[in-house]
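The values are calculated or read from the model by the stated rules, or taken from the named source; none is laboratory data. Just so we're clear, the structure is a prediction, and the values are computed from it rather than from any experiment. Using ideal geometry, Cβ is built from the backbone for each residue, glycine included, and neighbour counts are taken over all protein chains shown.
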Amino acid sequence: MKIGVFAAVASAVLVCLSGFGAAADGAVRATPVLDVELAFDTTSSMGPSLDRARKDALEIVDGVRNIVPDARFGVVSFRDRSNPEGEYQTLQPLTADTGAVQRALSTLQASTYTSPTKPPEESYNLAFHRSYDDNALGWRPDARKIVVVIGDAEPFHSGSAGIPGCQSKHVDPDGLNVKTELNGMRKAARTLIMIREVSVWTTTSLACYQSLSALGYTGGAARDGGSSDLVTPLVALMRGAVAPITVTPASRFILPGTATRLTATVANPNGFAVQLNSLTLSVLGLTNATAAPPPATQAGTTLTWNTPQTLQPHSTVVVTLNAKASSTPVMAKVTATANAQFEAGNAFTSVGQATIYVTRRLVIRAHASTRRGSIGGSMPVALSKSASAIALSSRAGQFTIKSGNRSVTLRPSAYRLSIAGDRATATIRVRVAGSSTLSGCAVGTRGTLTVTDRSLGANTSNGSVQVTLPPRCSPGETRWLAHAGSVRASI
């Protein structure tokens, strides 16, 4: 059975050919066309990464061309508005000439610019804006367009704009708004891939880059660059961008022995067809796995569909998997692997994965700090039959806020935990259990502690903690970006 046969079963195949990706005569293009912009933060902190880019230039081009042979590349450089070497440069318009790309990458130079008033942000918003508003690169109208940004800082105002994981509160000196620019990229079908280069000078989190890339066009993703290898993460992200595959569980947390459902989606966001040769689901920690449509073969909890199928432009294929949780707590994993190829390209794989926690207990943590203060503590949570919304009383656990020599200890009395997709929000009613140097803050004073986790199960800083207390009980800081995952399974 072909994978796409079950459209009526799971609304699996959605095809839209309305103009995007069409050739000049109005027909859907059969030959894959890919334009890739390589945009580098060329401030001084990026020096080692630029050295790698120059060294790895040919491997970067060859790695992408193994996916799409006629891919074209353009190279841009950006810094900050006051940098004496310039804020933005187009070093090489889009070209299929490998030598020209290599020469452009060889000209990348880190520019040192220091000023006591210079903020840590760089002109990422301008790079986003130019990718769709300025055609100096020469984008082909019918090409799939991917913008690869390699850097170690974040856009201006990204924290104030509510981008999860980002912290910047500085206004962009170019008058640009990060959400407006990412929305512009999405409307112009620019997929954003971000590679964070990690060093002692890095001023942003991977969670910030992941959030930024998710706001662009389909297929966006982010990853940390290797200490000595830029090619591997870049090519892996490119594969995922041209044929993204996602695994979406009905719930990240389930009770032992209960049934669960998830979907695996293979998308073709390109203006040209993709051949899906096979799809494999590997299930670890779950039993009694069944799927719609039925797989061609099933060996235990490994399910395979291996009848080749053509995915038309802008269509998706969805497989629905039903399974049962183990009888004991465990961290279950479902991995989907799609083997695909383009008409004129080599076969490649795209991988998606989801983690499901089989458990009876969760832990809500609040661990965060700034220069002005910190919060620490946790409370246990009993997982109810439905993990989508839990409202119970609890007197277990405690949280302590510190700022200088001031502190206040809070104990929970009741809570509500809401879980939707990868996001969880815990609203906890708390009472003051003790304080130091805070006159008038009586024991028993009530308040609210709100913990938000936007990447359930991942040990990332994609969350926040907020405390609401009477002014007399507030030691200073009342809102923090969390250091790590705030809602965790107790396994």
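Residues that are part of a strand (DSSP E or B) and under 30 Å from I491 (Cα atoms) within region 316-328 comprise V319, T320, L321, N322, A323, K324, A325, listed in sequence order.
Summed over region 304-328, the residues that are closer than 16 Å to I245 by Cα and either of a type in the set (A, V, I, L, M, F, W, C) or not assigned by TED's automatic domain parsing to the domain that holds F272 (or both) give a count of 6. Scanning region 150-191 for residues that are touching a strand residue (DSSP E or B) at 6+ places or on another chain (Cβ under 8 Å), at pLDDT 95 or above and either under 27 Å from W480 (Cβ atoms) or aromatic (F, W, Y) (or both) returns a single hit, L182. In region 253-261 there is at least one residue matching the filter, namely being within 26 Å of R454 (Cα to Cα), outside the structural domain of R190 (by TED's automatic domain parsing), aromatic (F, W, Y) and under 27 Å from the mean Cα position of the chain (by Cα). When residues in region 189-203 are screened for being hydroxyl-bearing (S, T, Y) and either under 14 Å from the mean Cα position of the chain (by Cα) or not in a loop (DSSP other than H, G, I, E, B) (or both), 1 of them pass.
Does N83 satisfy being under 25 Å from the mean Cα position of the chain (by Cα) and polar (S, T, N, Q)? Judged against the criteria, N83 is not a match.
Scan region 121-132 and give yes if some residue there is in the same structural domain as H157 (by TED's automatic domain parsing) and more than 24 Å from the chain's Cα centre (by Cα), otherwise no. No, region 121-132 contains no residue that is in the same structural domain as H157 (by TED's automatic domain parsing) and more than 24 Å from the chain's Cα centre (by Cα). Scan region 407-435 residue by residue and report those that are of a type in the set (A, V, I, L, M, F, W, C) and either within 27 Å of the chain's Cα centre (by Cα) or over 14 Å from V381 (Cβ atoms) (or both). Result: V408, L410, L417, I419, A420, A424, A426, V430, V432, A433.
For region 360-379, residues that are over 24 Å from the mean Cα position of the chain (by Cα), crowded, with 22+ Cβ neighbours inside 10 Å and under 30 Å from P256 (Cβ atoms) total 1.
Within region 34-57, the set of residues being part of a helix (DSSP H, G or I) and hydroxyl-bearing (S, T, Y) comprises S44, S45, S49. Restricting attention to region 303-319, the residues being surrounded by fewer than 18 Cβ atoms within 10 Å (Cβ to Cβ) and at pLDDT 95 or above number 1. Of the residues in region 223-235, not one is closer than 17 Å to A39 by Cα, aliphatic (A, V, I, L, M) and at pLDDT 85 or above.
Selection over region 64-83 of residues that are touching a strand residue (DSSP E or B) at 6+ places or on another chain (Cβ under 8 Å), of a type outside the set (G, A, S) and farther than 17 Å from D174 by Cβ gives a count of 8.
Consider region 79-125 and keep the residues that are of a type in the set (V, I, T) and assigned to a loop (DSSP other than H, G, I, E, B). The one that is modelled with the lowest pLDDT is T117. Taking (1) closer than 30 Å to M46 by Cα; (2) touching a strand residue (DSSP E or B) at 6+ places or on another chain (Cβ under 6 Å) in turn, P295 satisfies each apart from (1). Given the criteria in the same structural domain as Q309 (by TED's automatic domain parsing) and surrounded by fewer than 24 Cβ atoms within 10 Å (Cβ to Cβ), does T290 qualify? So T290 passes the test.
Assess whether R406 counts as being among the basic types (K, R) and either modelled with pLDDT of 90 or more or under 19 Å from T445 (Cβ atoms) (or both). For R406, the condition - among the basic types (K, R) and either modelled with pLDDT of 90 or more or under 19 Å from T445 (Cβ atoms) (or both) - is met.
Can you name the residue in region 153-187 that is part of a loop (DSSP other than H, G, I, E, B) and touching a Gly at 6+ places or on another chain (Cβ under 7 Å) and is also nearest to S213 (Cα to Cα) among such residues? Spell out how you get there, then give the answer.
As a first pass, look at region 153-187 and keep what is part of a loop (DSSP other than H, G, I, E, B): 153-177.
Pick out the ones that are also touching a Gly at 6+ places or on another chain (Cβ under 7 Å) and you get 166-169.
Working: C166: 12, Q167: 16, S168: 17, K169: 19 Å.
Only one residue tops the list, namely C166.
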